1. Based on the Cβ-Cβ distance from Glu348 to Ala25, what FRET efficiency comes out when R0 is 56 Å, to the nearest 0.05?
2. Straight-line reach only, C-alpha to C-alpha below 15 angstrom: list the aspartates and glutamates that Lys259 could link to, leaving out same-chain residues fewer than 8 apart.
3. Once amide H atoms are built 1.01 Å from N in the peptide plane, which residues 5 or more positions from Asn84, or in another chain, come under 5 Å H to H?
4. Would you grab the residues whose amide H sits under 5 Å from the one on Thr119? Only those 5+ places off in sequence or on another chain, please, with H modelled 1.01 Å from N.
5. Roughly how many whole Å is it from the C-alpha centroid of segment 224-274 to that of segment 133-207?
6. Which GluC sites (Glu not before Pro) does segment 1-88 hold that lie in a coil by DSSP with at most 14 other beta carbons within 10 Å?
7. Order of Ser407, Ser399, Ser381 from fewest to most other C-beta atoms within 10 Å?
8. What ³J(HN,Hα) values, in whole Hz, does the Karplus curve 6.51 cos²θ - 1.76 cosθ + 1.60 give for segment 199-209 when θ = phi - 60°, with x put for Gly and Pro?
Amino acid sequence: MDLRRALDQVLANHRKWTEGFGEYAVHESLAVPAEQVEESLDELAERLRDNYPFFHPRYAGQMLKPPHPAAVAGYLAAMLINPNNHALDGGPATAKMEREVVADLAAMFGYDTHLGHLTSSGTIANLEALYVARELHPDRGVAYSADSHYTHARMCRVLGVAGTSVAVDGAGRMDLDALRETLADGRIGTVVVTAGTTGLGAVDPVHEILALCREYGVRVHMDAAYGGFFTLLAGTEGLDPAPWAAIAECDSVVVDPHKHGLQPYGCGAVLFRDPAVGRFYVHDSPYTYFTSEDLHFGEISLECSRPGAAAAALWLTFRLLPPTRDGLGAVLAAGRRAALRWADLIAESEHLRLYQRPELDIVTYYPAVSPASLSAIDAASERVMREGMTDRHNPVYLSVLRADVRSFARRHPEVLADRADARVLRSVLMKPESETHLDPLHARVERLAADN
Ligand SMILES: *Cc1c(COP(=O)(O)O)cnc(C)c1O
């Protein structure tokens, strides 16, 4: 998609719309000299050079990539108007778009009923889900796995709810026996499950956890902030469909379109299966809701002002790359294939070791060192990351994950446990271009690891 062409069209359409309202003069206080604009834009570009090339397949580090041009064009088109999706008075058109994209997300997860909205992030979306969890079970706590996102424990503190960490199994998934033990005393009201942990991309056994939670009368919240869109691939290319199908039964679900939905920050989403939870958001706002009797998003969201542009960006993206197996799913499938193939290459490599086989698109690995010890692995991982990043001619950008001694020993008992943890290398292959760029990426990382 040609961004320049799209942006020209956006600006022309915007001009047509504004012209319909008649001439007016922009106030002189807002005027800035043209040559100063040019200079400052160049200065900004210079400042922005201090960034990693998230767009390029040689960046194989964190969960970062630029938005799709469709999202940029959609965002700009609405931002020029700057609607506020708090109230229908603030942005009727983008509020409708928000309703449509949220319905698309609900359908993607198999929800037959839903209440939901976009948020500024996965963290806020999860906060809302845990807030509703607390309102429904005010005297009971929240359990989440040891590998769940760190913000669950933090938000439990914010909400004044007791948070309990549940052990994970040898692949980073919530351990069922540990969960059963945690639920036994009746103090847990909600369990947070994760489809795609942030560190390893592990998928909790959602279907089994659901059954267990139903036995104990406990709610289930699905944190699919990172992994949610992989549900489009469930049952294909060896991705076990059972946990994904079970999301339809979870009481709430969070997904971040600003991770795998090709959106700019900040675009998260929270959906509840029971629309009646909207009652927990009731408030009186004497200055906002006037032009419509319809539900305003501000009446079902903890945040007040929210960008209508975020809804427009996601709406336009879904028009062009719908949340289907062949639409957006094809983007995720390429990254996942790259991750699985890289894992095979690493498994055969003399110079690299696989930390854990990927389930989604996150690969974890470390340089082969001899004798193998946590301290040697930690130092070698750090060195490969640093040397890769600072190489002038052929840089590669990786990230690291800290694995504790117990997690390491479960996967690699032969490694000498001479310290409490070790960093391993971690690559999120969320760009489809990673698939075509995999061989040079592997060769580069292998070379760095070999230079011990
Ligand atoms: C990224 C992430 C979050 C936090 O979302 P933000 O959008 O970064 O606030 C929560 N849970 C999981 C599993 C995540 O990957």
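1. Efficiency at R0 = 56 Å is approximately 0.20.
2. Of all the aspartates and glutamates, those that pass the test against Lys259 - Cα under 15 Å, at least 8 places apart if same chain - are Asp223, Asp361.
3. Those lying under 5 Å, H to H, from Asn84 are Gly91, Gly308.
4. Answer set, sorted by chain and number: Gly268, Ala269, Val270.
5. 17
6. For GluC sites (Glu not before Pro) across segment 1-88 that sit outside H, G, I, E and B with at most 14 neighbouring Cβ atoms in 10 Å, the list reads Glu23.
7. The fewest-first ordering by Cβ neighbours comes to Ser399, Ser407, Ser381.
8. x, 10, x, 6, 10, 4, x, 4, 4, 6, 5
Read the figures in this text as sums done on the coordinates, not as results from a lab. All values derive from a computational prediction rather than experimental measurement. Reconstructed Cβ throughout: ideal geometry from the backbone, glycine too, with neighbour counts over all protein chains shown.
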